[in-house]
Amino acid sequence: METALLSEENVRKEKPVTLVSPRNPTPIEILYLSNIDQTVAFNVETVFFYEVPEGAQADASSIIELVKQAVSDVLLIPYYFMAGRLRFNFDEGRLELVCNNKGVLFVGAMSSLELKELGNLSFPNPSFQHLILPTEGFHDHADTPVFSIQVTRFRCGGFSVGFVVNHSILDGRSAAEMFLSLASICRGEGLQTHELNTDRSCIRARNPPQIKFKHTEYTKLAEASSTSFTSPVVSSQAIRFPKISNFRLFSFSPEMINHLKNKSKLKCSSFEAVVAHLWRARTKAVFDDQRKMSSVLFAVDIRSKVSPPLPHGFIGNAVITASASAEVEELGKKSFSFCVGLVREAIDRVNDEYVRSVIDWLEVFKGVPCALNGNFFVSAWWKLPFHELDFGYGKPIYGGPVVSGMEEFVLLLSDGSGMEKEKECGINVWISLHPEKMEKFQSYVFDI
């Protein structure tokens, strides 16, 4: 069957509505956003697909109203701040979140297609944009929602739930916890998360700042104008993948991942092995000058790395960027274990003092992750518990980001088998490159 593309003709959206918190604090709170939050002020778009058994389809016809009520009546009590708006404080020179209850944007939609007509849901599909509710097009930040939801019913009785969340408010783990709470409410099991800690002062910069490392993994904002990481707020429309790039998916089975791990003389995790391999293959494809430095960047969770650990229920971005670097020639000539070792060192480097130094560096230089000059950022989506997202009709048949790829980003996602937690999952690698570079990358990536 030929894969159908979603369009305005086959996805009919209702008029969006604004959902507000029934218990927004008064007076209006202004939430401090940390230096880490400031570096990721762009939208993240995700969509989850659900099949509904024949016997439950009549019941599932109310899924749009069910999700809408769960958000407005329950979720937005603890998550009242998601109905707020970002504001740039010119006196402080930074973004803050105004909890003014201007609302979450919600829309229901109907599609004339069946889920099976969309083909393999794990493949990058730009037409999935029709399954989310964009938050662009508002006059300014003061009007722009930081959270939107779209529930789409398909002709077969299945449905999708699409989210747009501004990354400066929640990191992947915090967003996953919020989605899980919403799903739990829809199942009739109530909130999963009762205690949320929105106080980010525990990761404020020191006064005076004490920068103890070079932090080449970040770059000053003025130098980052050509990258996708910009500030104060990035529109996700501005970071669609360039027309000249090819966007491809490469699947690594559990057997291939184990082969890579065994190839390394150093005992390593799946993440370390896959990142080291992709770094090496992509470097060979992208760099011509053997004397250049090549870097791979990735997020490291700091919840347990700082002292004292971040408080239970911490809401916000609790990840910093780590990086491994080497000369192009070294990466090509030295062993795979050498590459794995550099990735391991980058992760191990992140301790309390390193995290504090990063936060202080960001206070002074207002920088962003340095995905420039051929370097790239690996985002490990497959580690997040999205496979548990059950709205009452079973776990998703697939869930992941909506294509908004850039050459600076490589996404690691579950291959679908990972939707079953107990199974060892394969990894789908999403990558965007110029056609000529992509051809080279394809010749290296399966050389394992």
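Being surrounded by 21 or more Cβ atoms within 10 Å (Cβ to Cβ) and over 21 Å from V40 (Cβ atoms) holds for only one residue in S127, S148, S184, and it is S184.
The rows are residues; the columns are (1) closer than 22 Å to V403 by Cα; (2) open to solvent by 30 Å² or more (accessible area, probe 1.4 Å); (3) modelled with pLDDT of 95 or more; (4) under 16 Å from the mean Cα position of the chain (by Cα).
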{"site": "V164", "(1), (2), (3), (4)": "yes, no, yes, yes"}
{"site": "S201", "(1), (2), (3), (4)": "no, yes, no, no"}
{"site": "P209", "(1), (2), (3), (4)": "no, yes, yes, no"}
{"site": "A222", "(1), (2), (3), (4)": "no, yes, no, no"}
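The sole residue among N262, N317 that is part of a helix (DSSP H, G or I) and polar (S, T, N, Q) is N262. Being at pLDDT below 95 and either part of a loop (DSSP other than H, G, I, E, B) or open to solvent by less than 10 Å² (accessible area, probe 1.4 Å) (or both) is a description that applies to F138. Among the residues making up region 296-330, a single one is farther than 20 Å from I203 by Cβ, of a type in the set (G, A, S) and open to solvent by 20 Å² or more (accessible area, probe 1.4 Å): S325. Might you let me know whether region 359-370 holds any residue that is open to solvent by 10 Å² or more (accessible area, probe 1.4 Å), β-branched (V, I, T) and on the phi < 0 side of the Ramachandran plot? Checked region 359-370: at least one residue is open to solvent by 10 Å² or more (accessible area, probe 1.4 Å), β-branched (V, I, T) and on the phi < 0 side of the Ramachandran plot.
Would you pick out the residues in region 281-301 that are within 21 Å of W381 (Cα to Cα), in contact with a strand residue (DSSP E or B) (Cβ under 6 Å, 6 or more places away or on another chain) and of a type in the set (A, V, I, L, M, F, W, C)?
V296, L297, F298, A299, V300 - these are the residues of region 281-301 that are within 21 Å of W381 (Cα to Cα), in contact with a strand residue (DSSP E or B) (Cβ under 6 Å, 6 or more places away or on another chain) and of a type in the set (A, V, I, L, M, F, W, C).
Annotation note: Cβ proximity below 8 Å between a residue of region 427-438 that is among the hydroxyl-bearing types (S, T, Y) and a residue that is surrounded by fewer than 21 Cβ atoms within 10 Å (Cβ to Cβ) and not in a strand (DSSP E or B) (sequence gap 6+ or interchain) occurs for S432/F241; S432/P242; S432/S245; S432/M406. Of the residues screened, N207 is not one that is touching a residue at least 60 places away in the same chain (Cβ under 8 Å) and within 29 Å of E363 (Cα to Cα). Selection within region 74-124: residues that are open to solvent by less than 40 Å² (accessible area, probe 1.4 Å), at pLDDT 95 or above and among the small types (G, A, S). The member of this set that is farthest from the chain's Cα centre (by Cα) is S111. If the condition is being open to solvent by less than 40 Å² (accessible area, probe 1.4 Å) and part of a helix (DSSP H, G or I), then region 166-181 contributes G172, S174, A175, A176, M178, F179, L180, S181. Note on region 20-35: residues that are touching a helix residue (DSSP H, G or I) at 6+ places or on another chain (Cβ under 7 Å) and among the aliphatic types (A, V, I, L, M) total 2. Taking the residues in region 267-292 that are of a type outside the set (K, R) and surrounded by fewer than 17 Cβ atoms within 10 Å (Cβ to Cβ) as candidates, determine which candidate is nearest to A318 (Cα to Cα). Selected residue: S269. Candidates in region 187-199 are the residues that are polar (S, T, N, Q) and part of a loop (DSSP other than H, G, I, E, B); of these, the one that is surrounded by the most Cβ atoms within 10 Å (Cβ to Cβ) is T198. Closer than 30 Å to K292 by Cβ, open to solvent by less than 20 Å² (accessible area, probe 1.4 Å), within 15 Å of the chain's Cα centre (by Cα) and at pLDDT 90 or above: does that describe V378? In short, yes.
The values are calculated or read from the model by the stated rules, or taken from the named source; none is laboratory data. Everything numeric here is computed off the predicted structure, so don't read it as measured data. Cβ coordinates were reconstructed from backbone atoms using ideal geometry, including for glycine residues, and neighbour counts include every protein chain displayed. These accessible areas exclude ligands, DNA and RNA; they are computed on the full protein's heavy atoms, side chains included. Shrake-Rupley method; radii C 1.70, N 1.55, O 1.52, S 1.80 Å.
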